[in-house]
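One structure below.
The values are calculated or read from the model by the stated rules, or taken from the named source; none is laboratory data. What you see is a predicted model; the values in this text were computed from it and never measured. Ideal geometry is used to build each Cβ from the backbone, glycine not excepted, and the neighbour counts take in all protein chains shown. Surface areas here come from the heavy atoms of the whole protein model, side chains and all, with no ligands, DNA or RNA. Shrake-Rupley method; radii C 1.70, N 1.55, O 1.52, S 1.80 Å.
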Amino acid sequence: MAHDTIVILTGAGISAESGLGTFRDEGGLWAQHRIEDVATPEGFSRDPDLVHNFYNARRVQAAQATPNAAHDALARLERDHPGEVLIVTQNVDSLHEKAGSRNVLHMHGLLAGALCHTCDHRWTAPDNMAKSDPCPGCGAPATRPDVVWFGEIPYGMDQIYAALSKADLFVAIGTSGEVYPAAAFGQEARQAGAHTVELNLAPSSRVSDFAETHFGPATRIVPDWVARERAR
Ligand code: APR
């Protein structure tokens, strides 16, 4: 039976084969940088230049990255199910959009976004951003990346929980299940009656929430899964 409300959660693993680093794999971003220095409001207050350098480098790298077969397969799935697929991504790259996905919710924000620390004005981030850049809205030298740091509230939570409550299919792709609230979405969807699928390189910390699992590189297992879903 085809599914008509599909929520797909993606994490860094779906972008790994596009050359963008994950966080918790061997040698990942959190092995190279301290979370408290580059991914917290306190770290930004302490050393805004260090934080901007971290995100500026990732922004330039992400802008040069291209979507892979997994992103492309999800865009195909959305074209097959117009208005019925929501991608909730923890990723701050724009590879889902580059692949053609339209209904994408960036719960951790976007590298391509700039935010004013003073007035909450948002605009498109230049490649190299600095805190001293004046906000186009209020002029304050309070520019930060529009990404959600640890201790901050993710974007779109009301929309996400509303979608989970009516999903009949929930798929988690390329996420370790280590960061909340996203790590609990599988359980939420399952309790609401959805069929739950984990597509990952290896079992995540929340693998027991999933009725169906497939392990391997996303560029293989995601197109395979989408092909089976399309054939339903
Ligand atoms: N194909 C499929 N899965 C992969 C691949 C691949 N090629 N490479 C890695 N993975 C899987 C890993 O097995 C791991 O389970 O992707 C997952 C990556 O986990 P994390 O690095 O923890 O990334 P993520 O789950 O997205 O982190 C969540 O933590 O630090 C915060 O804000 C950050 O959004 C991020 C959040």
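A few notes on this one:
- Take the Cα radius of gyration of segment 1-136 and divide it by 2.2 N^0.38 Å, N being the number of residues; the result is 1.15.
- Considering segment 183-232, its Cα convex hull presents a mean projected area of 3.6 nm².
- Segment 141-232, dipole about Cα centre (Lys/Arg Cβ +1, Asp/Glu Cβ -1), debye to the nearest 20: 240 debye
- Under a Gaussian network description of the chain, with springs only between Cα atoms under 10 Å, the residue in I87, I221, I14 that fluctuates furthest is I221.
- Protein accessible area in the chain, 1.4 Å probe - carbon and sulfur %: 51 percent
- Computed label-point distance, nm, for sites F215 and E36 using a 7 Å Cα→Cβ extension: 3.3 nm
- In a reduced charge model with +1 at each Lys and Arg Cβ and -1 at each Asp and Glu Cβ, segment 70-149 shows a dipole moment near 120 debye about its Cα centre.
- The ellipsoid equivalent to the alpha-carbon distribution of the chain has semi-axes of 31, 18, 17 angstrom, derived from the gyration tensor eigenvalues as √(5λ) and listed largest first.
- Entry comment: accessible area of segment 1-130 is 44 Å² per residue, from protein heavy atoms only and a probe of 1.4 Å.
- Solvent-accessible area of Y55 with every protein chain in place, 1.4 Å probe, in Å² to the nearest 10: 10 Å²
- Where GluC sites (Glu not before Pro) in DSSP loops with at most 16 other Cβ within 10 Å are excluded, longest remaining stretch of the chain: 27-151
- Each residue of segment 205-218 was assigned a 3J(HN,Hα) from its phi angle through the Karplus curve 6.51 cos²θ - 1.76 cosθ + 1.60 (θ = phi - 60°); the sequence is 5, 10, 4, 5, 6, 10, 6, 9, 9, 9, 10, x, x, 4 Hz, with glycine and proline shown as x.
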